[in-house]
């Protein structure tokens, strides 16, 4: 299998939605289908195409079938330690039948180059302590920062 | 000791700077005095007072001496899961001689109410795995999310 | 307050029991009063005084009152990596009203010297991920090994 | 591939040694070839066959080739919370060319049944925080205890 990573296009909307909240989707994996409202999903999709919004998406496309097999959603935001913004990789997903082919790694590397393009010094993301499958990849392409995240209850 | 938590004011700049990168300061604690450039520090201070910037600061003031004893710097940013922004508590500091009086807790609670004012569903922050002193407080006022942070090397 | 750390003696039994499973005790802290049976407690106490058992206890005594204020229970066992046994510090406790006086540290240091006496190359112990108060001490006197413990369900 | 798990036998010694400290071995994985002395290795092997030693080993054998493809070394020791001993799984290894066939799981399950035979209430082991490959298995067959291990420096 060969694949290409490129920015999301208008024609990708339905396939992105399938991976976002369909069967075997990203939100299903996080047991969060009921957490993200339809309005929020629609809003996020719209923001990808709005040049005034610092919210972005790249997708991985199977070169043979032309089908979407993964995505990375990311955004930039202020940081008090730097003049430059930071880039946060908010969501990363690869369809189950397309895993172990380097798609996740390629998506992260594309996000790294986006960090350069958007002039972000820091590119970062989070993963659950228990998600060992993801961390097998992350320890290869990234660095564990030694930080834990707390939130308002 | 009694104290008050309020938004930073122009007259606080020098005292904020002392806590940010002076002797016994926040950046000294993180061994990062050489990491944050003077331009970045100046920029961050300016952003606190710029209504077009989503970067904020509240300070704790000792009621007897009128001196600043702590600060919380925070910012808001997009989130792909919600229409509302998230609030990230970027920096929290209490002067060593003013600790164990509830200043850190009061600063976090002020940031929580700022989260309401700024219409942010999620208020969150990070701490080093090894910072047990901070976590003694955080486990009381917040919830560990079970997420670890990775970054681009 | 000054105190002395020494091996448990027969006359200490009742006071050790109070710290083990009485009010404000070690097992109460771990919500395990119902987990350790009276037979197991009696057995452990007996083993401390049995020269054929590799199970030991040292106690901390308040020099003014003569009362016990803490204990460390430990044992030795085989290790496949060394000819010498390892020493496992099974339980460590300091009465709440005697904390922050160096009692925990002194008990651990006594256990270290016991490791020398018993010819153990490795002296180790465990603590809950969430017990930040204990870890404030442990990061000073010991080294985090980077190992997590799993068990049979 | 089918395989059998059984107690180590005298004839297995050389093959066990190959997996313990040969090329691609267990100790090589832990960068510990220089840590475990030849005397300690010999001693451990001897203890497996000594009925007076609470040190044990089971091996996995490829049914087609008759070759050893994995081992589990374990030992029992006192525990202050129970009358019964605990069983500690000290070492677990599967040859790289025999992984992803359930060998690790079968070895752990054999150790569980050994825990029953040896009357041990608690069967446990440790793994490095960073060893995500191992933890993918451990989260299926075991339970993370939430304990971290510290040691004497």
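Computed from the coordinates by the stated procedures, all read-outs in this text should not be read as laboratory data. Please read all numbers here as calculations on a predicted model, not as lab measurements. Please note: Cβ atoms are built from the backbone with ideal geometry, for glycine as well, and neighbour counts cover all protein chains shown.
Numbers for the structure displayed
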quantity: Boolean, residue C:100 is under 22 Å from residue C:69 (Cα atoms) and in contact (Cβ under 8 Å) with a residue 60 or more places away in the chain; calculated: no
quantity: Checklist (1) under 24 Å from residue A:25 (Cα atoms); (2) without any contact (Cβ under 8 Å) to a residue 40 or more places away in the chain applied to residue A:151, failing item; calculated: (1)
quantity: Condition broken by residue B:69, with the remaining ones in (1) closer than 30 Å to residue C:139 by Cα; (2) within 13 Å of another protein chain (Cβ to nearest Cβ); (3) in contact with a helix residue (DSSP H, G or I) (Cβ under 6 Å, 6 or more places away or on another chain) satisfied; calculated: (2)
quantity: Test for residue B:35: is it in contact with a helix residue (DSSP H, G or I) (Cβ under 8 Å, 6 or more places away or on another chain) and within 10 Å of another protein chain (Cβ to nearest Cβ); calculated: yes
quantity: Segment C:74-112: number of residues that are within 20 Å of residue C:30 (Cα to Cα), in contact with a helix residue (DSSP H, G or I) (Cβ under 7 Å, 6 or more places away or on another chain) and within 8 Å of chain D (Cβ to nearest Cβ); calculated: 1
quantity: Candidate set: segment B:118-153, residues that are in a loop (DSSP other than H, G, I, E, B) and in contact with a strand residue (DSSP E or B) (Cβ under 6 Å, 6 or more places away or on another chain); chosen: the one farthest from the other protein chains (Cβ to nearest Cβ); calculated: B:118
quantity: Top-ranked residue of segment A:1-17 - restricted to ones that are in a helix (DSSP H, G or I) and touching a strand residue (DSSP E or B) at 6+ places or on another chain (Cβ under 8 Å), ranked as surrounded by the most Cβ atoms within 10 Å (Cβ to Cβ); calculated: A:16
